[in-house]
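One structure below.
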Amino acid sequence: MTERHAGGTTDGTERQFVRVERVEELAVLRLARGKGNSLSPAFVEELLDVLRTSAVADANGLLITGDGRFFSTGLDLLALEKLDRAGMLLFLDRLQGLLAQLYVWPRPVVAALNGHAVAGGCLLAMCADWRVLAKGEARVGLTESTLGLPLPQAGLEITRAQLTPAAWAQVVYGGQTHVGEQALSLGLADELAEPDKVIDIALDRLRQWARNPPVALHFNKAAARDPVLLRIRNQHDSLQEAWVDLWFSPPAQQRLAEVREKLQSKKG
């Protein structure tokens, strides 16, 4: 029988953006911020905090999913507009820490892509060991290049390790989003499911892996992924500074302003 603990965590804390459930011995993180589940500084901090709770840290596997039409549409450009350089450096550091932590999580991680997973949302998904994508309109992709921005260092190294060179070039340089079979062929998704079955199928996959003794998976995962983490750490400071330089460059700021204007018009 499925056991669920909705909202908050075992410490009794009610959280604003993330719902934590336990399904048997598995942890389910449901991104539930609204606003396309875009990644604001507060959202990233809550995700980092949730990963430290016993409800998640002690689970045999971790499933990440979203609500409604969205997994996550990436960075919250409206919230980030308020940050100065120091604030943006701190946010980027925390975001990259979140990506790295998910990527080397010692238990199996499955992403149930219930809806659009774009830019930073796609990076979250790429940290998982397996991605189940909803058939139909759900789009997945890395659109940073359309804004004149490179991937943050953690995202660059993780996606480079997860995708073939040809797929990486198409996904990163092209900056487009992809659906269904196309996302599957590029490696952005590993399995397709009907929208109402995405979470069930993702949980089935997670159960298969989580029932094995954890030591072997942990060893194999660490052997494959720790070198990627080392590359992220070795170049972290210099590349983070360079990324923030580009963020505040006039061409990028002009493109960001255009996107923000479109977002504001949709809200109006």
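We did not get these values from a lab; they are worked out from the coordinates using the rules stated. Source: prediction; values computed, not measured. Counting neighbours? That spans all protein chains shown, and the Cβs are built from the backbone with ideal geometry, glycine included.
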Next item on the list: Can you pull the one-decimal nm distance between simple spin-label points at Arg160 and Ala57, each 7 Å off the Cα toward Cβ?
Entry: 3.2
Check: Considering the chain as a Gaussian network with a 10 Å cut-off on Cα pairs, which listed residue, Glu241, Glu21, Glu258, attains the greatest mean-square fluctuation?
Finding: Glu258
Next item on the list: Take peptides 259-265, 47-53 and line them up by average Cβ neighbours within 10 Å, highest first, as a rough protection proxy.
Entry: 47-53, 259-265
Next item on the list: Take each of the peptides 226-237, 135-146, average the number of other beta-carbon atoms within 10 Å over its residues, and list them starting from the highest.
Entry: 135-146, 226-237
Notebook entry, point to check: In what sequence, highest mean first, do 77-86, 123-132 appear when ranked by Cβ atoms within 10 angstrom?
Noted result: 123-132, 77-86
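Work out how much length Gln264 to Gln176 would gain on full extension: take 0.36 nm times their residue separation and subtract the Cα-Cα distance, in nm to one decimal. Write down the numbers at each step before the final one.
Details: separation 88, 0.36 × 88 = 31.68 nm, distance 2.24 nm.
That pair, Gln264 and Gln176, stretches by 29.4 nm at full extension.
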Checklist line | Using alpha-carbon coordinates, inclination of helix 41-51 to the longest axis of the chain, degrees | finding: 20
Item checked: Spin-label pair Leu246/Asp200, simplified geometry with 7 Å Cα→Cβ offset, distance in nm -> 4.3
Margin query: Among Asn234, Asn212, Gly141, which residue has its Cα furthest toward the positive end of the charge dipole of the chain, with +1 on Lys/Arg Cβ and -1 on Asp/Glu Cβ?
Written below: Gly141
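Treat every Asp and Glu Cβ in the chain as -1 and every Lys and Arg Cβ as +1, leave all other atoms uncharged, and give the resulting dipole magnitude about the Cα centre to the nearest 20 debye.
It works out to roughly 220 debye.
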Notebook entry, point to check: In whole Hz, what ³J(HN,Hα) sequence does the stretch 63-73 give by Karplus (6.51, -1.76, 1.60; θ = phi - 60°), x for Gly and Pro?
Noted result: 10, 10, 8, x, 10, x, 8, 10, 7, 6, 8
Check: What does the helix-only formula give at 222 nm for the chain: each DSSP H stretch with n ≥ 4 adding -39500 (n - 2.57), the total divided by the residues, and the result rounded to the nearest 500 deg cm²/dmol?
Finding: -14500 deg cm²/dmol
Notebook entry, point to check: Taking θ as phi - 60°, what are the ³J(HN,Hα) couplings along the stretch 54-60 by the Karplus curve (6.51, -1.76, 1.60), each to the nearest whole Hz, with x for Gly and Pro?
Noted result: 5, 4, 9, 5, 8, 6, 7
Note to self: Based on C-alpha coordinates, I'd like the Rg and Dmax of the stretch 18-267, in Å.
What the structure shows: 17.2, 52
Note to self: Residues of the stretch 64-87 with backbone nitrogen within less than 16 Å of a virtual label 7 Å along the Cα-to-Cβ line of Gln253, please, listed as ranges.
What the structure shows: 78, 80-87
Next item on the list: Work out from phi, with θ = phi - 60° and the Karplus expression 6.51 cos²θ - 1.76 cosθ + 1.60, the ³J(HN,Hα) of each residue of the stretch 91-99, listed in order in whole Hz, and give x for Gly and Pro.
Entry: 4, 5, 4, 5, 4, 5, x, 4, 4
